[in-house]
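K.L.:
The structure under discussion is supplied below as structure tokens; questions concerning it will follow.
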Amino acid sequence: MSIADLGPGHVPGLVDLFAGLPPSDLTFVKEDVTPDAVAGWLDQPGRRWVSVSGDGAVTGFAALVLLPGWSDHVAELRLVTDPAVRGQGLGRRLALHALTSAVRDGLVKVVVELPATQERTIDMFLALGFTGEALLRDHFRDRSGQLQDLVMLAYFAEQNFDAMSVVGLADALEGS
């Protein structure tokens, strides 16, 4: 699988990826994922990538969405993978790709929001150097209407510079 900048040719595959997600995953997709909206992402600020399988199918998506105003040194990382390829390291690869870009672009902080029930995903981000930033109790309703807790994790580029070699980020930065 390769990781590429989101381009016009990826839009149909990305729309298919979103269409194939279980309803529980769609709860955490903040944007409109209709074809017109996804095509519009090409003209919006921020960085977006897709993972593409050998047959051209889009199997994952990562985005760094820059925060406005006083928080322009911060980006929110959004990450989605096809359920069929989860557990194979794709989410980690996409997250590392996004962190590499964030460090290169001089961002100071990257945040990610996750449901507290997604323990494996939280563990993946913690292993990449993210730390707990907040636990927001009963912060959102899932698709069944149940209140759920939201975890916010943060990656501080300057504080994590030494740890980057542990997770492979320093090598990725040097190799590009």
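K.L.:
Taking the residues in region 11-35 that are closer than 16 Å to S51 by Cβ and not in a helix (DSSP H, G or I) as candidates, determine which candidate is least open to solvent (accessible area, probe 1.4 Å).
P.N.:
In this case the residue turns out to be L21.
K.L.:
Continuing with the same structure: Given R92, R104, which one is within 12 Å of the chain's Cα centre (by Cα), farther than 23 Å from P8 by Cα and among the charged types (D, E, K, R)?
P.N.:
On inspection, the qualifying residue turns out to be R92.
K.L.:
Is at least one residue of region 121-135 in contact (Cβ under 8 Å) with a residue 60 or more places away in the chain and either within 24 Å of S71 (Cα to Cα) or surrounded by 15 or more Cβ atoms within 10 Å (Cβ to Cβ) (or both)? If you could, list the steps in order and put the result at the bottom.
P.N.:
Restricting attention to region 121-135, the residues satisfying the condition of being in contact (Cβ under 8 Å) with a residue 60 or more places away in the chain are none.
No, every residue in region 121-135 fails to be in contact (Cβ under 8 Å) with a residue 60 or more places away in the chain and either within 24 Å of S71 (Cα to Cα) or surrounded by 15 or more Cβ atoms within 10 Å (Cβ to Cβ) (or both).
K.L.:
When you scan region 43-58, how many residues do you find that are under 13 Å from the mean Cα position of the chain (by Cα) and either modelled with pLDDT under 90 or open to solvent by less than 20 Å² (accessible area, probe 1.4 Å) (or both)?
P.N.:
The qualifying residues number 4.
K.L.:
So in region 74-100, with the set limited to residues that are out of contact with any Lys or Arg (no Cβ under 9 Å at 6 or more places or on another chain) and in a strand (DSSP E or B), which one is least open to solvent (accessible area, probe 1.4 Å)?
P.N.:
L77
K.L.:
Quick one: which of T81, T117, T121, T100 is β-branched (V, I, T) and farther than 27 Å from Q148 by Cα?
P.N.:
T100
The values are calculated or read from the model by the stated rules, or taken from the named source; none is laboratory data. None of the values given here were measured: they were computed from a predicted structure. Ideal geometry is used to build each Cβ from the backbone, glycine not excepted, and the neighbour counts take in all protein chains shown. Calculation scope for accessible area: heavy atoms of the full protein, side chains included, ligands and nucleic acids excluded. Shrake-Rupley method; radii C 1.70, N 1.55, O 1.52, S 1.80 Å.
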